[in-house]
Amino acid sequence: MTSVHSVVDKNGDLIDLVYFCGDFCHQQWCKETDHPYDGWNGCHEIQHNETCADCGALIKGASNESANI
């Protein structure tokens, strides 16, 4: 299931969500981009298709699962 990284600004406000196909890609992306890895944040169900920020794999969203898109 989808792993999510929350990007926050210096005030702690959420400014972006970055999606990954799994925790391995999440950890790799954090290492490569110097973002802090705050531990496993997976098993999220997303609404729409997203692309893994690390490997580029398609992550199917819940609204598309039944249509096999």
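Read-outs: derived from the displayed coordinates by stated rules, not from any lab. Fair warning: this is a prediction, and the values are worked out from it, not measured in the lab. No Cβ is skipped: glycine too gets one built from the backbone with ideal geometry, and neighbour counts run over all protein chains shown.
Some observations on this one:
- Contact order relative to length of region 3-65, as percent, for alpha carbon pairs under 8 angstrom and 6 or more apart: 30 percent
- Viscosity 1.567 mPa s, 4 °C: Kirkwood-radius Stokes-Einstein D of the chain over Cα pairs, µm²/s: 104 µm²/s
- GluC sites (Glu not before Pro) within region 1-54: DSSP coil, no more than 14 neighbouring Cβ in 10 Å: GLU45
- Under 5 Å from the amide H of THR51 lie the amide H atoms of ILE59, each residue being 5 or more positions distant or on a separate chain, with H modelled from the backbone and absent for Pro and chain starts.
- Local electrostatic count, VAL7, Cβ distance below 14 Å [Lys/Arg +1, Asp/Glu -1]: -4
- Charge context of GLY39, other residues only, Cβ under 15 angstrom, K/R +1, D/E -1: -1
- Its DSSP H runs of at least 4 residues, each contributing -39,500 (n - 2.57), put the calculated 222 nm mean residue ellipticity of the chain at -5500 deg cm²/dmol, to the nearest 500.
- In the chain, the sites counted are chymotrypsin sites (Phe, Trp or Tyr not before Pro) in DSSP loop states with at most 14 other Cβ atoms within 10 Å, and the longest stretch holding none of them, exclusive of the sites, is 1-36.
- In sequence order, calculated HN-Hα J values of region 41-55 (Karplus, 6.51, -1.76, 1.60; Hz; x Gly/Pro): 9, x, 6, 8, 9, 9, 7, 10, 4, 9, 10, 4, 5, 9, 9
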